[in-house]
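Okay, so here's the structure we're looking at.
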Amino acid sequence: MIEYRRHPRAKNYKITLKPDGRILVTIPNFGTQRKAEAFLASKQDWIAAQQAKRPPVPPLSAVEIERLRAEAKSYIPQRVAVLADQYGFNYHTVRIKNMTSRWGSCSSRGNLNFSLHLMRLPGVYIDYVILHELCHTQEMNHGPGFWNLLESVCPGAKKIDRALRKQGVAIG
Ligand SMILES: [Zn+2]
């Protein structure tokens with residue numbers, strides 16, 4: 001989960017990794033949310049390296065799971081709608097599930113499922129997983145056609161995919 005906090009005395013953008021897995025992004029007084037997001041995106045490799053050094057995240061409590069579910073339900077369906085509209089994808093339904101073995105899935109009927117654990121990842125990965133599943137509405141496999149399509153809507157997709165696999169977030 002990512003939290004942005006504006007700090008009147010901060011001079012620079014800063015990322016703090018909390019022991020519970022949260023990522024805190026400090027925005028300086030005259031900074032912008034947009035620049036903070038760009039800063040965070042530029043630090044993905046560093047964050048992944050830091051998280052890889054940490055012991056596995058302890059299993060979440062039922063309360064934490066429900067908090068993530070509520071967060072995911074209010075964020076992911078509208079984000080899917082925005083990205084689908086932007087890149088011209090059609091889909092049927094979006095469901096949020098407590099999936100612990102995969103981040104997302106797409107059925108042949110265009111029903112998309114997303115793991116509520118996505119909310120524990122930086123936004124760049126959430127968008128990546130959404131675009132990955134949206135591309136499956138047109139290409140139901142991981143062949144060259146799929147990757148070309150995904151690269152066209154998400155430049156650097158393969159690199160993001162590799163980094164996502166290294167994320168320190170334990171699913172489940
Ligand atoms: Zn896939």
Please identify the pairs in which a residue from the stretch 22-49 that is more than 10 Å from N12 (Cα to Cα) and open to solvent by less than 50 Å² (accessible area, probe 1.4 Å) has its Cβ atom under 8 Å from the Cβ atom of a residue that is of a type in the set (F, W, Y) and part of a helix (DSSP H, G or I), counting only partners at least 6 apart or on another chain. V25/F39
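Results for (1) charged (D, E, K, R); (2) open to solvent by 30 Å² or more (accessible area, probe 1.4 Å), shown as yes or no for each residue.
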{"residue": "R67", "(1), (2)": "yes, yes"}
{"residue": "R79", "(1), (2)": "yes, yes"}
{"residue": "D85", "(1), (2)": "yes, yes"}
{"residue": "G88", "(1), (2)": "no, yes"}
{"residue": "N98", "(1), (2)": "no, yes"}
{"residue": "P122", "(1), (2)": "no, no"}
{"residue": "V129", "(1), (2)": "no, no"}
{"residue": "T137", "(1), (2)": "no, yes"}
{"residue": "K166", "(1), (2)": "yes, yes"}
Working carefully through the options L118, L60, find the one that is open to solvent by less than 40 Å² (accessible area, probe 1.4 Å) and free of Cβ contacts under 8 Å to residues at least 60 places away in the same chain. L118
Taking K158 as the residue in question, decide whether it is at pLDDT 90 or above, open to solvent by 10 Å² or more (accessible area, probe 1.4 Å), closer than 23 Å to Q51 by Cβ and of a type outside the set (A, V, I, L, M, F, W, C). yes
Some residue of the stretch 48-71 being basic (K, R), in a helix (DSSP H, G or I) and in the same structural domain as W103 (by TED's automatic domain parsing): yes
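The values are calculated or read from the model by the stated rules, or taken from the named source; none is laboratory data. Predicted model only: the values in this text are computed from it and were never measured. Because the Cβ atoms are built from the backbone with ideal geometry, glycine has one as well, and the counts that use them run over all protein chains shown. To get the accessible areas, we keep the full protein, side chains included, count just its heavy atoms, and leave off ligands, DNA and RNA. Shrake-Rupley method; radii C 1.70, N 1.55, O 1.52, S 1.80 Å.
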